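Chemist: Submitted below is the structure of interest, expressed as C-alpha cells.
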C-alpha cells in the first residue's frame, strides 16, 4: 500500500463487517513529539482473546474463502518499520480499538494520500450504517467530520449519491487544508 | 468554500434524481475492494467510475463495492451487469480505462472485450 489512507480504507472495513454503529477514525499529527497516531475505534462485535492474539498474523482470517488476511499485519509491519508501535484492544460485544503510531519524520512513512477519497469510498460501501467520525488534527489544530451531521442536514436521504459523496470529499479536503494551514 | 448550507441544494437535486431512478432497472458497476483490490489500485478506479457516472448524469447506474472476488492477481476487478445482458468481468482496471468502459459498455451496451477477463486469461 502506497498511502496511509489506503490502510485506513482497508481496516475500517473490518469495523463495518463487525457490525459497528459508530466508527471513529482519529488521525493526530504531533510535530513537537514527531509522531503520527492513527486510531480506529469501533463499537462492533469485538474479538475474544484467542482471535486477538492470532489476528496480527498474516495467516489469520475470519473468512472461509482463503487462509490469509493481510490488512492488519501490513499496517503493523509499517508502524514498526517507522519506529512506531501497533496495538489492538478488543472486548467481545463492546468493540475494538486499533492504534498505530509512527515517527512523523521516518523516511519509510508513506504519505496520507487521498483521505477524502477513502472517506467517499467507505461511505459508499456502507451508506446507512455505521456512522463515520473523522478526527484530523495537527498539534492544536483540529477538524472533525461526522456523517450524522450530514445525514441530519439531508433529512434522511441516502449518503450513497454521487453528488453527496463529492460534497463530503470536498468538505473533508477543505477541513484538512485548514488544519495544515494551507488553502485549497 | 464548502459548507453545510450547500446540502439543501444537493438534497433537492438528488430527490429529483431518486424519483426518476425508481422507474428503471439499472446497470450495476461493482468494484472489488478487499485488501488485494485496494493494494492494486481499486480506490482510484472506483472513484473514477463514480465521477464518470456523475459527469454523464447517468441516473440508472449504481456503483457499488464488494470484497475479494478470489483472483487477487487480476485486481483491480470490476464487474458490470447491464439488465438483460450477461455480467462482464473487467480485470487489471486502471482509471484511464474507465471513461471508455462507461461510454462503450454502460451507455452503449457493447462490452470492451480487450479489457475483460476473457482477453487476459
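Chemist: Using every Cα-Cα pair within the range B:25-120, state what percent have a distance larger than 24 Å.
Modeler: Tail fraction, whole percent: 11.
Chemist: Same structure, new question: Report, to the nearest 10°, how far helix B:42-55 tilts away from the longest principal axis of the Cα atoms in chain B, using its own Cα long axis and a range of 0 to 90°.
Modeler: With both axes taken from Cα atoms, the answer is about 40 degrees.
Chemist: Same structure, new question: Sum -39500 (n - 2.57) across every DSSP H segment of at least 4 residues in the protein assembly as shown, then divide by the residue count to get the 222 nm mean residue ellipticity, nearest 500.
Modeler: It comes out at -11000 deg cm²/dmol, rounded to the nearest 500.
Chemist: Report the relative contact order of the range B:25-120, percent, no decimals, based on alpha-carbon pairs under 8 angstrom and at least 6 residues apart.
Modeler: Once divided by the residue count of the range B:25-120, the mean separation gives 32 percent.
Chemist: With both bridge residues required to lie in the range B:25-120, what share of the DSSP beta bridges run antiparallel, to the nearest 5%?
Modeler: DSSP beta bridges in the range B:25-120 are roughly 55 percent antiparallel.
Chemist: Once a ≥ b ≥ c are taken as the square roots of the eigenvalues of the Cα gyration tensor of the range A:1-43, is the result rounded (a/c under 1.5), prolate (a/b larger than b/c) or oblate (a/b not larger than b/c)?
Modeler: oblate
Chemist: While we're here: Cα axis of helix B:6-21 to longest principal axis of chain B: angle in degrees, 0 to 90, nearest 10?
Modeler: 60 degrees
Chemist: Additional query: Using Cβ counts within 10 Å as a stand-in for footprinting exposure, how do A:143, B:49, B:4 rank, fewest first?
Modeler: B:4, A:143, B:49
Chemist: Same structure, new question: On average over all directions, what projected area in square nanometres does the range A:13-105 have, based on the convex hull of its Cα atoms?
Modeler: In nm², the orientation-averaged hull projection of the range A:13-105 is 6.1.
Chemist: Taking the number of other C-beta atoms within 10 Å as the exposure measure, put A:55, B:98 in order starting with the fewest.
Modeler: A:55, B:98
Chemist: Where q = 0.09, 0.14 Å⁻¹, what log10 of I(q)/I(0) comes from the Debye formula for the range A:4-178, counting one point per Cα?
Modeler: -0.31, -0.77
Chemist: At q = 0.16 Å⁻¹, what is the log10 ratio I(q)/I(0) for the protein assembly as shown, with the Debye formula run over Cα points and no solvent?
Modeler: -1.41
Chemist: Still on this model: Restricting to the protein assembly as shown, compute how many DSSP beta bridges are antiparallel as a %, nearest 5.
Modeler: Roughly 75 percent of the beta bridges in the protein assembly as shown run antiparallel, per DSSP.
Chemist: Kindly put B:2, A:76 in sequence by how many other C-beta atoms sit within 10 Å of each C-beta, fewest to most.
Modeler: B:2, A:76
Chemist: Still on this model: Evaluate peptide A:149-160: per residue, the Cβ atoms of other protein chains within 10 Å of its Cβ; return the mean as an integer.
Modeler: Across A:149-160, the average partner-chain Cβ count within 10 Å equals 3.
Since every read-out is calculated from the coordinates, none of them should be taken as a lab result. What you are looking at is a predicted structure, and each value in this text was computed from that prediction instead of being measured. As a convention, Cβ positions derive from the backbone with ideal geometry for all residues, glycine included, and neighbour counts pool all protein chains shown.
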